[in-house]
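To keep things clear, I will list the structure first and then write my remarks on it.
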Amino acid sequence: MFPETLPARLALLNACLNGSAAVCLVLGLAMIKRGRREAHKRFMLATIALSAAFLVSYLTRYALSGDTRYAGPQALAWVYYAILITHVPLAMATVPLVLITATHALKGRFEKHKRIARITYPIWLYVSVTGVLVYLMLYQLPQG
Ligand code: HEM
């Protein structure tokens with residue numbers, strides 16, 4: 001069902017932005033593996049735009065309603081906290097990593113770009129996918 005409150009709607013929007021970022025990341029890698037540099041560039045810049053939109057929307061949601069408590073089944077609480085404890089620090093690390101990775105590429109320093117991208121890429125993908133999982137566990141699980 002479509003959420004009724006603004007914070008809940010923003011949380012849904014955030015999950016959609018994270019999910020779309022994950023899809024663009026996968027397509028971006030597929031493109032560079034096929035040697036399609038221009039398509040890779042477009043998908044990666046699209047992912048940056050989606051993640052930037054997520055950041056703005058997340059901060060707005062946080063300013064409106066603060067922390068969201070896990071209220072799902074207790075049997076799954078440890079899964080939720082295990083995801084959260086890895087998701088949060090990696091999400092913070094993603095910001096400088098993405099900026100450095102993209103800057104190397106845009107300045108044509110592709111050897112450096114490739115080296116750091118191999119760290120940035122899996123972290124970014126993990127953060128995007130776990131962002132969707134965190135949303136599902138917070139908002140879509142039945143109350144525990
Ligand atoms: C932060 C965003 C980006 C990430 C995470 C990223 C990720 C990657 C990854 C993982 C590879 C290595 C693929 C492999 O091992 O085969 C790669 C290669 C490459 N990327 Fe990106 N990319 C990003 C942005 C860009 C942008 C904006 C451009 C264009 C200006 C670009 C151009 C390239 C090129 C040309 C290569 C091939 C380099 C070579 O083989 O020498 N990337 N990228």
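Can you tell me the orientation of helix 110-135 relative to the chain, as the angle in degrees between its alpha-carbon axis and the longest Cα principal axis, to the nearest 10? Taking Cα atoms only, the helix is inclined about 20 degrees.
Test of understanding: what is the full-extension gain from SER65 to ARG34, defined as 0.36 nm times their sequence separation minus their Cα-Cα distance?
On the way: separation 31, 0.36 × 31 = 11.16 nm, distance 4.40 nm.
Gain in length upon complete extension: 6.8 nm.
Under the convention that each Lys and Arg Cβ holds +1 and each Asp and Glu Cβ holds -1, the size of the dipole of the stretch 6-140 around its Cα centre is about 700 debye. For the stretch 14-28, putting each phi into the Karplus relation 6.51 cos²θ - 1.76 cosθ + 1.60 with θ = phi - 60° gives couplings of 4, 5, 5, 5, 5, x, 5, 4, 4, 5, 5, 4, 4, 5, x Hz, in residue order, rounded to whole numbers and with x for Gly and Pro. Amide H contacts under 5 Å for GLY72: GLY144, restricted to partners 5 or more places along the chain or on a different chain, H placed in the peptide plane at 1.01 Å from N.
Ratio of alpha-carbon Rg to the 2.2 N^0.38 Å globular estimate for the stretch 39-106, to two decimals, please.
On the way: Rg = 15.6 Å, N = 68, 2.2 N^0.38 = 10.9 Å.
Against the empirical 2.2 N^0.38 Å value, I get 1.43 for the stretch 39-106.
The equivalent ellipsoid of the chain has semi-axes of 31, 15, 13 Å, largest first, where each one is the square root of 5 times an eigenvalue of the Cα gyration tensor.
For the chain, the 222 nm mean residue ellipticity estimated from helices alone, with every DSSP H stretch of n ≥ 4 adding -39500 (n - 2.57) and the total spread over all residues, rounds to -28000 deg cm²/dmol. For LEU45 and GLN74, the FRET efficiency from 1/(1 + (r/R0)^6), where r spans their Cβ atoms and R0 equals 41 Å, is about 0.45. Taking LYS114, LYS41, LYS33 in turn, the Gaussian network model of the chain (Cα-Cα springs below 10 Å) assigns the largest fluctuation to LYS33.
The angle between the Cα long axis of helix 77-106 and the longest principal axis of the Cα atoms of the chain comes to about 30 degrees, rounded to the nearest 10.
For the options HIS87, HIS40, HIS104, a Gaussian network treatment of the chain with springs between C-alpha atoms closer than 10 Å singles out HIS104 as fluctuating the most. Computed from backbone phi with θ = phi - 60° and the Karplus coefficients 6.51, -1.76 and 1.60, the 3J(HN,Hα) list for the stretch 2-12 is 5, x, 8, 8, 4, x, 5, 5, 5, 4, 5 Hz; x is used for glycine and proline.
Every number here is computed from the coordinates shown, using simple stated rules; none is lab data. Not measured: the values here are computed from a predicted model. Positions of Cβ are backbone-derived with ideal geometry, glycine not excepted, and every protein chain shown enters the neighbour counts.
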